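Please read the structure below before turning to the comments.
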Amino acid sequence: GKVLVTGANGYVAIWVVKAFLEKGFAVRGTVRSQSKAKHLRQLFQSHGDKFEVVIVDDITKDGAFDDAVKGVDAIAHTASPFHMHADDPNEMIIPALQGTLSVLHSALKYGKGIKRIVITASCATVLEYGPEPRVFSEKDWNERSIREVNEKGRAAAPGDKYCASKILAERAAWDFHKQHKNEIAWDVTVLNPPFVFGPVLHEVDKPENLNQSVKVWWDAVVAGQFSNEDLANNGDVWVDVRDLATAHVLAITTPEAGGERVIVCSGPFKWQDFVNVAHRLYPKLPAGNTSYDPTKAVHMLSYDTTKERKLFGIKFHTLEEMTKDTLEDFVKRGWVS
Ligand code: NDP
């Protein structure tokens, strides 16, 4: 089979491309410009004509993916802005929402052979931070970020602008499928990952230019920019990028995953958990908060992973493995010694 991967040069997407190629799929990746295709072509050179890159310069345009969807059996739509420096919320919402809709419109028109479309959503569409620890599941929707962005606009928190973009995009995908289900042969699977960490395959010249999630990990673990208070008390839930890539393959190869949103996560963390492993492996890295006691950590968020276990049963990388492999990658790049 052949899979279309949108935003193929992104941190997550490039691992997704790799996972599909290694499972024997042919992959067509989309990027925004020729300059972004070069690194990908080099990286996957050994796969010959099983890997191709096409340029979609503006994913928000009507018909943007009309050519890209022709001849593919499935789509993994990952392209979406993920950063914390948007002023106008529409800087994030328009590409996330219109990008998703243009993929779906093109699939409706020209995706005759398509059986499944996987959307890389986020736990951002699921969770609402609150004062008490809470377990979330696929039944939950983040309504709060939409309210915040509606009420505050540009003044909304950067995280809420990002969450809103992901929520509106995911909702639009479900609605589109519902509206057109009698005209199409494909169904939709949505993956909802939390913070994604792990080694980097995409093109990055320096740590400052890392993608959002790995940049935060760098700031906490390598650059020592978090206070002791934050290291011990702040955290979230994480997944290894390689496991999320596996989930994209399983989302396409598992028939029962059709019509499901699936939370794909490894477990909760406090930043000091990564710092502890990193400092043990590389004593020159910051020790962080040496009075942190992981047995006393209160995790505010966690996810019910019943559905993932039933559908996919991924054997997730541990926090130690991910930290070790990420730092080895940074060492190879000359960023850590
Ligand atoms: P990256 O920033 O590394 O990749 C984002 C990809 O989307 C790039 O290919 C980028 O292209 C493309 N993109 C961004 N904005 C636009 C736009 N306006 N028009 C067209 N393409 C655009 O981020 P990740 O790999 O981390 O994210 C990939 C997906 O995973 C996203 O959907 C994100 O929401 C989701 N996700 C990520 C998590 C994480 O912790 N990393 C957690 C949960 C979900 P370009 O390089 O040209 O800008």
Projected area, mean over directions - the stretch 12-54, Cα convex hull, nm²: 2.7 nm²
Cα shape, the stretch 278-332, gyration tensor, a/c 1.5 rule: oblate
Computed log₁₀ I(q)/I(0) - Debye formula, equal Cα scatterers, no solvent, the stretch 216-259, q 0.20, 0.31 Å⁻¹: -0.71, -1.06
Structure-based [θ]222 nm, the chain - -39500 (n - 2.57) summed over DSSP H runs of at least 4, per residue, nearest 500: -12000 deg cm²/dmol
Most mobile listed residue (Ile59, Ile184, Ile75) in the chain, GNM with C-alpha springs under 10 Å: Ile184
Around Pro294: net Lys/Arg minus Asp/Glu count, Cβ-Cβ under 14 Å: 0
Ratio of the Cα radius of gyration of the stretch 1-133 to 2.2 N^0.38 Å, where N counts its residues: 1.10
If the convex hull is drawn through the Cα atoms of the stretch 2-332, its volume per residue in Å³: 135 Å³
Largest-first principal axis extents, alpha carbons of the stretch 61-110, Å: 38, 18, 12
Cubic angstrom per residue, convex hull over Cα atoms of the stretch 62-211: 147 Å³
Rotationally averaged projected area of the stretch 208-284 (alpha carbon convex hull; nm²): 6.6 nm²
Most positive-pole-ward Cα, Asn276, Met322, His299, against dipole of the stretch 274-324 from beta carbon charges: Met322
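Just so you know, all these numbers are worked out from the coordinates, no wet-lab data involved. Quick caveat: nothing in here was measured; it's all calculated off a predicted structure. Neighbour counts run over all protein chains shown; Cβ positions are idealised from the backbone, glycine included.
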